Amino acid sequence: MNELNALVDSARAAFAQAAMPAELENAKALFLGKSGRITELMKGLSALTVDEKKSRGAAINLTKQSIEAALTARRQELADAELQTQLQSEALDVTLPGRRRGQGGLHPVSLTLERIEAIFASMGFDVADGPEIETDWFNFTALNTPQDHPARSMHDTFYVEGGPDAAPHLLRTHTSPMQIRHAVQHVKRYRAAHEAAGQPSGELFAGAMPEIRVIAPGRTYRVDSDATHSPMFHQCEGLWVGENVSFKDLKFVFTDFCRTFFESDDLVLRFRPSFFPFTEPSAEIDIQFQTGPLAGRWLEVAGSGQVHPNVIRNMGLDPERYIGFAFGMGPDRLTMLRYGVSDLRLFFDGDIRFLSQFE
Ligand code: DAH
C-alpha cells in the first residue's frame, strides 16, 4: 500500500513540475500510458491468487484514479495560468480617459484679420478679397510703378511663367492691386447705371457715384526672410475714394482704428513723410504706446498717402472730380505688437504648442 501511495505522490510531484501542457502530457505517459507505471502494476497481477488479485486490483484502481484526478487538477491549473498570462498581456485600462479630438481654434493672425475687418466694417468699409497670383499690371503698372521704376526692386517676388494670355504673373507683393481691382468694378457698375439713364460718360468717369470705401486683407509674398520678415506675410489694404476725402480723413480713420484695435487711448500716431509711387503725398504711419512694455518707441505699422492721380485714372475715374487716400498695413506686425511676440516666424511654423495659446 505504501508503495502505491508513494506512486501517487511521485505522480503529483511530476505533474507539479510540468510548467507547460506538453510537459504535463509527457509526465502523464510515465504513469498512465500504455507502458506506464500503472500498466506495469496491472501486469504484475497475473502472478497472484484470485483473492490477492481482487484486493490488489482494487488498490491499483484507486491509485490510478488518484493519479488521474491529480492530472486533471494540474491541467486545470496550467490552463488557468495560461489564461491569466493572456489576460495580463492584453490588459486594457478601462479607467484611462479617452483620446479627445482637439477643438481647434483660429490662428492669431486670423484673429487679427477678423478684428481689423470688424473695426473697419463699423466705419462703413466693405471687405474685398482678391487673387494672390497677380498680373504685372495690377501689382505694379496700374499703381504708377512702370516696368523700369526703381521701386520695383524693393518688391522682389516669385514670378510665374506662362500665365493666361502669356501676361507675366507673379505672387502679389502687396495688397495694393486690390485698390485697382475693386475700384474698377465699382466704377463699372455706376458708369453702366449712368449710361442706362442716357448720360454718356467719357473715358474717365466723372459722374456721381457712392464713395469707394474698402479694405482688402490677404496673403502677400516677397523674397525676404528673417525674424521680422517672412516670404509669405499678410497685408491689409485700405481705400477711400470720394469727392471730398482728404488727408485729414485718413488721419482720423487710422487713429480711430489703432486706438480701437489696441484698446488704448494712450496711443499716439505720427505720419512720417515717405515715398510710394501710388500716393502723393505719402506717409509712413508710426504708433507709440504711452504705457506698457513698448512705451516710448515709435513702431511702424503702415504706409499711406493720397491716391496718385495716375492711379485714380487707372481706376477709370476722373481725378478732377475724385480724390482719396489709401493705406497698407501689416496684420502680422499688429499681431506681434498686440500679443508681445518678437519672432514673426513663430506664426508660420505651425507649432501647436505656440498657436494654441491664442485660442
Ligand atoms: N503697398 C505698400 C507696401 O507694400 C504699402 C502701402 C503704402 C499701401 C502706401 C498703400 C499706400 O495703400 O497708400 O509697402
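Every number in this text was worked out from the coordinates using simple rules, so none of it is lab data. Not measured: the values here are computed from a predicted model. Every residue, glycine among them, receives a Cβ derived from its backbone with ideal geometry; neighbour counts consider all protein chains shown.
Loop exposure criterion: trypsin sites (Lys or Arg not before Pro), DSSP state outside H, G, I, E and B, at most 11 other Cβ atoms within 10 Å. Applied to the chain, the longest stretch between such sites is 102-296. Kindly list the residues of region 7-30 that lie in the label zone of residue 90, defined by a backbone N under 20 Å from the point 7 Å along the Cα-to-C-beta vector. Once the point is set 7 Å along Cα→Cβ of residue 90, 21 turn out to lie under 20 Å by backbone N, inside region 7-30.
On full extension, the segment bounded by residue 42 and residue 247 gains 61.6 nm, given 0.36 nm per residue less the C-alpha separation. Shown for the chain are the DSSP H helices of 24 Å or more along their axis, judged by Cα atoms, with a mean Kyte-Doolittle hydropathy of at least -1.0: 50-89, 177-196.
Distances between placed amide hydrogens fall under 5 Å for residue 234 paired with 220, 332, all partners being 5 or more residues away or on another chain.
Residues of region 1-17 with the amide nitrogen closer than 19 Å to a label point 7 Å from the Cα of residue 73, along Cα-to-Cβ, please. What the label zone holds, given the 19 Å backbone N cut-off, is 2-17.
Count the net charge of all other residues whose Cβ sits under 15 Å from the Cβ of residue 82, scoring Lys and Arg as +1 and Asp and Glu as -1. Here the count lands on -3.
The lysine pair count for the chain, using Cα distances under 26 Å and pairs eight or more places apart or on different chains, is 13.
Computed extension gain for residue 219 through residue 61, at 0.36 nm per residue and net of the alpha carbon distance, reaches 47.4 nm.
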